[in-house]
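The structure appears below as structure tokens.
The values are calculated or read from the model by the stated rules, or taken from the named source; none is laboratory data. Worth saying up front: this structure is predicted, and the values here are computed from it rather than measured. Every residue, glycine among them, receives a Cβ derived from its backbone with ideal geometry; neighbour counts consider all protein chains shown.
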Amino acid sequence: MKTKSLLAAAISVALLAGCNDDTTNVITPEPPVAATEVNIASFNLSFDHSDFAELGSLMALTPAEQDTLIAGWEDGSITDEAELKRAEKVIQIRNNATIIQKTRPAVLLMKEFNNDGTGEDISVLRGFRLNYLGVPQTFEGEQLQPIQYPYAESYATNTGLAIDSDIDNNGTIGLPGDAHGFGNFHGQYAFALLSQFEIDTANSRTFQKFLWKDMPGETNVPVNCAEGNTADWCADETWYTQAEWDILRLSSKNHVDAVVKVPTADGETKSVHLLLSHPTPPIFDKGEEAPYNKMHNRAEIDFWVDYIDGADYIYDDAGVTGGLANGEMFVVMGDLNADPLSGDGDLTAINDLMTHDKVNQLATFGVYAPKSLGGPECVAIGDCRETDLKYPEMVTSVSGLRLDHVIPSAELNVVDSGVFWPASFEDGSKLMKDARLTRIDTWNPGVGKNVSSDHRLVWIKAEL
């Protein structure tokens, strides 16, 4: 009976999807079910493929085509290295789909989900929903329930959006460094939102075009070269030229206030503002001599601190000014590339956010801060980079840092949370580590994005 119900569910999803065309992000949903508790999750899936078309070709594979490819990888009938790598990429996508089917968030932010740069071409997002999430994944003999997301949005991104200037000061002009956000093509490292509740696009806001210089207190990155550093960029007092500083956007991907409308058991519909971003990592710059990534990461996070304070300097892509209205429910979500206690970043902004009086601090540093057993084990056995750990149970990536966050407002009553990171003795550990998979990431074969991702799904459960 279980298998029949799973097949029926999969057929139902496919039928619903079949009634929809490729021009809309909405699959006609069932009537909304009133929610008393809502699972909200953020997951960096590490789908940072070489181009948009490559990821699209993988997402377009039917389940039967996936099975054939993986069977050839398993039995050795495929010998071409490119095809073997392609098979392992399908396994990685399936493993991430399995994690989502196991955790079953009602609202899911997916980072490093490539798009066309504008977010208008939803074919890849649609393929993931239908060919991976919409069919039962099988893991260690267990057939999982498919998961349907009737609503989805793919957002425009600044990654790979070229600037005709040598802003990374490497002596040449071109991608990936000479862009508003680091990317080998426009659309790499983008993000998308899946939801089982209606996304109120009319009242959502994007801040892709907001300029870094328009944020109060921000200045061009100073250059302070140590004696003996003869790099060309040391000849200047600032990292960016004035012309570059005048046009550089704040967001390395996008900053989005996406509103979801959640029907509740008392007959009301409550709006929750999902504040979505993926700031640049505060590394790969020139250290304290020219800390452009460190300053950029801090500023991208500070934007949300000001936004939830209702700052009037903020303007969105439609020209509307001001921040979030007082009393609104919100969740700051994303791979913020910032650990509040460790790492190379400027820790002030992430701490200002996580200790803000409008934030539910039980879910940032308190009893409901997301935790796992797998994080400490990963560090202990050497699969994760060892850092200056203050709380290994809260680590969210193989970097050994707490980078991924789901930060709810004080109005949201959090009743549970977690980091999906099973330890070796828990169900699902092979979704984190599998020695057979070695072809995607050379840093640590069999771990990280070879298997699923180098980040972990982080979730909270909130009462409404």
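Take the residues in the stretch 59-86 that are in a helix (DSSP H, G or I) and of a type in the set (D, E, K, R); name whichever of them is farthest from the chain's Cα centre (by Cα). Taking the candidates together, the pick is D75. Report yes if N158 is within 16 Å of the chain's Cα centre (by Cα) and under 30 Å from L248 (Cβ atoms), otherwise no. Yes. Can you spot a residue in the stretch 217-229 that is touching a Leu at 6+ places or on another chain (Cβ under 7 Å) and touching a residue at least 40 places away in the same chain (Cβ under 8 Å)? No: the stretch 217-229 contains no residue that is touching a Leu at 6+ places or on another chain (Cβ under 7 Å) and touching a residue at least 40 places away in the same chain (Cβ under 8 Å).
For the stretch 388-399, the criterion of a residue being outside any helix (DSSP H, G or I), of a type in the set (K, R), buried (at least 22 other Cβ atoms within 10 Å of the Cβ) and out of contact with any Pro (no Cβ under 6 Å at 6 or more places or on another chain) is satisfied by no position. So, A290, is that one over 21 Å from the mean Cα position of the chain (by Cα) and either under 18 Å from L161 (Cα atoms) or at pLDDT 95 or above (or both) or not? Here the answer is yes, as A290 does meet what is asked. Screening the stretch 153-195 for residues that are touching a strand residue (DSSP E or B) at 6+ places or on another chain (Cβ under 7 Å), farther than 17 Å from G119 by Cβ and in contact (Cβ under 8 Å) with a residue 60 or more places away in the chain and picking the one that is surrounded by the fewest Cβ atoms within 10 Å (Cβ to Cβ) gives I163. Scan the stretch 206-227 and give yes if some residue there is surrounded by 16 or more Cβ atoms within 10 Å (Cβ to Cβ), within 30 Å of Y151 (Cβ to Cβ) and polar (S, T, N, Q), otherwise no. Yes, the stretch 206-227 contains a residue that is surrounded by 16 or more Cβ atoms within 10 Å (Cβ to Cβ), within 30 Å of Y151 (Cβ to Cβ) and polar (S, T, N, Q). Residues in the stretch 90-145 that are without any contact (Cβ under 8 Å) to a residue 24 or more places away in the chain and of a type in the set (V, I, T): T138 only. Out of curiosity, is N293 part of a helix (DSSP H, G or I), among the polar types (S, T, N, Q), without any contact (Cβ under 8 Å) to a residue 60 or more places away in the chain and touching an Asp or Glu at 6+ places or on another chain (Cβ under 6 Å)? When the stated conditions are applied, N293 passes them. In the stretch 374-387, of all residues being of a type outside the set (G, A, S) and outside any loop (DSSP other than H, G, I, E, B), the one that is farthest from K270 (Cα to Cα) corresponds to I381.
Restricting G127, G117 to those that are part of a helix (DSSP H, G or I), in contact with a Gly (Cβ under 9 Å, 6 or more places away or on another chain) and small (G, A, S) reduces the list to G127. Can you find a residue in the stretch 87-94 that is of a type in the set (S, T, N, Q), assigned to a helix (DSSP H, G or I) and in contact with a strand residue (DSSP E or B) (Cβ under 9 Å, 6 or more places away or on another chain)? Yes, because at least one residue in the stretch 87-94 is of a type in the set (S, T, N, Q), assigned to a helix (DSSP H, G or I) and in contact with a strand residue (DSSP E or B) (Cβ under 9 Å, 6 or more places away or on another chain). Of all residues in the stretch 396-424, those being under 21 Å from T98 (Cβ atoms) and either touching a Cys at 6+ places or on another chain (Cβ under 9 Å) or free of Cβ contacts under 8 Å to residues at least 40 places away in the same chain (or both) number 4. Only one entry of N115, N95 meets the criterion of being crowded, with 21+ Cβ neighbours inside 10 Å, under 24 Å from the mean Cα position of the chain (by Cα), more than 30 Å from S204 (Cα to Cα) and polar (S, T, N, Q), and that entry is N95.
Of all the residues in the stretch 400-450, those that are outside any loop (DSSP other than H, G, I, E, B), hydrophobic (A, V, I, L, M, F, W, C) and surrounded by fewer than 16 Cβ atoms within 10 Å (Cβ to Cβ) number 1. Scanning the stretch 309-342 for residues that are surrounded by 22 or more Cβ atoms within 10 Å (Cβ to Cβ) and either within 21 Å of the chain's Cα centre (by Cα) or at pLDDT below 95 (or both) yields a count of 11.
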